[in-house]
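S.K.: Got a structure here, written out as structure tokens. Questions coming.
The values are calculated or read from the model by the stated rules, or taken from the named source; none is laboratory data. Fair warning: this is a prediction, and the values are worked out from it, not measured in the lab. With ideal geometry, Cβ positions are generated from the backbone for all residues, glycine too; neighbour counts draw on all protein chains shown.
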Amino acid sequence: MNQQQQNLFRFLVALGDDSVVLSHRLSEWCSNGPYLEEDIALGNVALDYIGRARMFYQYACEVEGKGRTEDDIAYFRNEREYTNLLIHELPINDFAFTMVRQFFVDVFYCEYLKQLMNSSDETIAAIAAKAVKESRYHLKRSEPWIRQLAEGTDESLRRIKDALLELENFVGELFLMSDWEQSLVEQGIAVDRAKLQKDWDAYVQKFLGESNVHFPDSQLQIRGGREGIHTEHLGHMLSEMQYIQRTMPGLQW
Amino acid sequence: MNKMNDNIIPTLNPVFAKRKAYREGSEHKPIWDLLDSVFDPELPGLTIWDLGILQDVRLIDGEWQIDVTPTYSGCPAVETINADVKAALKAAGYDKVKVNLVLSPAWSTEMMSPVGKAHLKSINIAPPHEEDRVQCPVCDSSNTKVVSQFGSTACKALYQCNDCFENFDYFKHF
């Protein structure tokens, strides 16, 4: 691969990693949801993200041209080779935390993917067109939940506030650009994340403000995911996610 | 898909009308017709044509290429549908068949046929509505409420009728 292909490969794997890691976290709610319908809903959102990860990984493997498959990428890389943004890997915590994270990423993806639909790379544009519709639907579900919990009981409000305090530190990374991503932006392939932050902030602050919840601007921005530097949580998650394939490589259902 | 037919019946939605015109203009009618025996595994009796995911039938170097677009990107039914397409064509003597999963054009409920929507209603699933105004498939009341935004599959939401109290799936407008 030349430098340009390497950057493209890196980009596709990174977006796939974001999706697969969040998908796995969401799937941890299976049989643990607050009630049956929510249990199923979270599972379905997880399914959308798995689909998204597969599309990015499949295309990454095609670009790489070494005959690797999406399963090789998902199951046979270690923590330090994963390049997802950290917000996706945080443990599910309680339901409020899961939904605040979902709300944050839904708002982000609705705009990010919308712009990615203009990518000069046709496959990326097609994936984005498919995925953005799903994220819009996810947002339709996460928003009422934030509203309901923020305006519910003292307990639900406290949990929303706790989740905001924890998650605000991981938001900044969504908008961080690296050199290689910047070069893809210049070729018209990727989207300049940094330009999305202002609108994201405004949207989220307005939405929370309508429920009288203040979103504090964090001074602390935890970063490192794109360089493979993770929180202590990802390794544990991967060990569970990859266990079967690592134990019996190539096993199929 | 540029063989637009100018004589489209105006009451059809334009997306489906375009699909229909394309199919009718195709030189591979027998194959399209054969594929009307392939159903979505999660939606009994709904063909892949009526669901709108069957996109194209082409003959390339002696091989039949069937283009299918997934409803939702993580839809687990995709692999079953691929196998069913191959089986249906094999049973009719077509051995060289390849099923392509295409992402573009992205599937939407606009691609569904009127027959498909009517069929959904007949199995008590409310068909997609442009403004998500959901009618109870049993008593036709519009006085309905959402119970959960996801039902038994990613493409459906769970609703309840406030008049007859029926719980039903709504096939989401997408």
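S.K.: Return a yes/no flag: does the stretch A:48-65 have any residue that is surrounded by fewer than 16 Cβ atoms within 10 Å (Cβ to Cβ), of a type outside the set (Ser, Thr, Tyr) and either more than 14 Å from every other protein chain (Cβ to nearest Cβ) or more than 26 Å from residue A:213 (Cβ to Cβ) (or both). Give the derivation first.
M.R.: Initial filter on the stretch A:48-65 (surrounded by fewer than 16 Cβ atoms within 10 Å (Cβ to Cβ)): A:62, A:65.
Among the residues that remain, those that are also of a type outside the set (Ser, Thr, Tyr) are: A:62, A:65.
In the following step, the residues that additionally are either more than 14 Å from every other protein chain (Cβ to nearest Cβ) or more than 26 Å from residue A:213 (Cβ to Cβ) (or both) were identified as A:62, A:65.
For the stretch A:48-65, residues surrounded by fewer than 16 Cβ atoms within 10 Å (Cβ to Cβ), of a type outside the set (Ser, Thr, Tyr) and either more than 14 Å from every other protein chain (Cβ to nearest Cβ) or more than 26 Å from residue A:213 (Cβ to Cβ) (or both): present.
S.K.: Right, next: Listed residues A:126, A:131; which is touching a Ser or Thr at 6+ places or on another chain (Cβ under 8 Å), small (Gly, Ala, Ser), buried (at least 17 other Cβ atoms within 10 Å of the Cβ) and within 27 Å of residue B:146 (Cβ to Cβ)?
M.R.: On the way: A:126 fails: within 27 Å of residue B:146 (Cβ to Cβ).
Of the residues listed, the single one that is touching a Ser or Thr at 6+ places or on another chain (Cβ under 8 Å), small (Gly, Ala, Ser), buried (at least 17 other Cβ atoms within 10 Å of the Cβ) and within 27 Å of residue B:146 (Cβ to Cβ) is A:131.
S.K.: Separate question: Between A:15, A:26, A:116, which is touching a residue at least 60 places away in the same chain (Cβ under 8 Å) and either under 21 Å from residue A:190 (Cα atoms) or surrounded by fewer than 16 Cβ atoms within 10 Å (Cβ to Cβ) (or both)? Show your work before the answer.
M.R.: Values: A:15 fails: touching a residue at least 60 places away in the same chain (Cβ under 8 Å); A:26 fails: either under 21 Å from residue A:190 (Cα atoms) or surrounded by fewer than 16 Cβ atoms within 10 Å (Cβ to Cβ) (or both).
Of the residues listed, the single one that is touching a residue at least 60 places away in the same chain (Cβ under 8 Å) and either under 21 Å from residue A:190 (Cα atoms) or surrounded by fewer than 16 Cβ atoms within 10 Å (Cβ to Cβ) (or both) is A:116.
S.K.: Now for a different question. For the stretch A:159-184, which positions are hydrophobic (A, V, I, L, M, F, W, C) and buried (at least 17 other Cβ atoms within 10 Å of the Cβ)?
M.R.: Those that are hydrophobic (A, V, I, L, M, F, W, C) and buried (at least 17 other Cβ atoms within 10 Å of the Cβ): A:160, A:163, A:164, A:167, A:170, A:171, A:174, A:175, A:180, A:184.
S.K.: Within the stretch A:92-100, does at least one residue satisfy the condition of being under 14 Å from the mean Cα position of the chain (by Cα), modelled with pLDDT of 95 or more and assigned to a loop (DSSP other than H, G, I, E, B)? Before the answer, list the steps.
M.R.: Going residue by residue through the stretch A:92-100, those that are under 14 Å from the mean Cα position of the chain (by Cα) are A:92, A:98-100.
Filter once more, so that each one left must be modelled with pLDDT of 95 or more: A:92, A:98-100.
Restricting the remaining residues to those that are assigned to a loop (DSSP other than H, G, I, E, B) gives A:92.
Yes, because at least one residue in the stretch A:92-100 is under 14 Å from the mean Cα position of the chain (by Cα), modelled with pLDDT of 95 or more and assigned to a loop (DSSP other than H, G, I, E, B).
S.K.: Report those helices (runs of 4 or more DSSP H) wholly inside the stretch A:126-234 carrying at least 3 residues which are touching a residue at least 12 places away in the same chain (Cβ under 8 Å) and under 15 Å from the mean Cα position of the chain (by Cα). Steps first, please.
M.R.: Working: elements: A:154-171, A:179-186, A:197-209.
Result: A:154-171.
S.K.: Hey, can you tell me all the residues within the stretch A:29-42 that are within 11 Å of chain B (Cβ to nearest Cβ) and either touching a residue at least 60 places away in the same chain (Cβ under 8 Å) or not charged (D, E, K, R) (or both)?
M.R.: Taking the stretch A:29-42 as the starting set, the residues that turn out to be within 11 Å of chain B (Cβ to nearest Cβ) are A:33, A:35-42.
Passing the criteria: A:33, A:35, A:36, A:40, A:41, A:42.
S.K.: Right, something else. Inspect all residues belonging to the stretch A:149-158 and state whether any of them is surrounded by fewer than 23 Cβ atoms within 10 Å (Cβ to Cβ), among the acidic types (Asp, Glu) and at pLDDT below 95.
M.R.: Among the residues of the stretch A:149-158, not one is surrounded by fewer than 23 Cβ atoms within 10 Å (Cβ to Cβ), among the acidic types (Asp, Glu) and at pLDDT below 95, which makes the answer no.
S.K.: Also: Restricting to the stretch A:107-143, and then to whatever is among the acidic types (Asp, Glu) and at the interface with chain B (Cβ under 8 Å from one of its Cβ atoms), can you tell me which residue is nearest to residue B:131 (Cα to Cα)?
M.R.: Of the stretch A:107-143, the ones among the acidic types (Asp, Glu) are A:111, A:121-122, A:134, A:143.
Right, trim to at the interface with chain B (Cβ under 8 Å from one of its Cβ atoms) and you get A:122, A:134.
Working: A:122: 30, A:134: 17 Å.
Only one residue fits best here, namely A:134.
S.K.: Can you give me the ranges of the strands (runs of 3 or more DSSP E) entirely in the stretch B:82-174 with at least 2 residues that are within 11 Å of chain A (Cβ to nearest Cβ) and not polar (S, T, N, Q)?
M.R.: Details: elements: B:97-101, B:144-148, B:156-161, B:167-171.
Strands (runs of 3 or more DSSP E) meeting the threshold: B:144-148, B:156-161.
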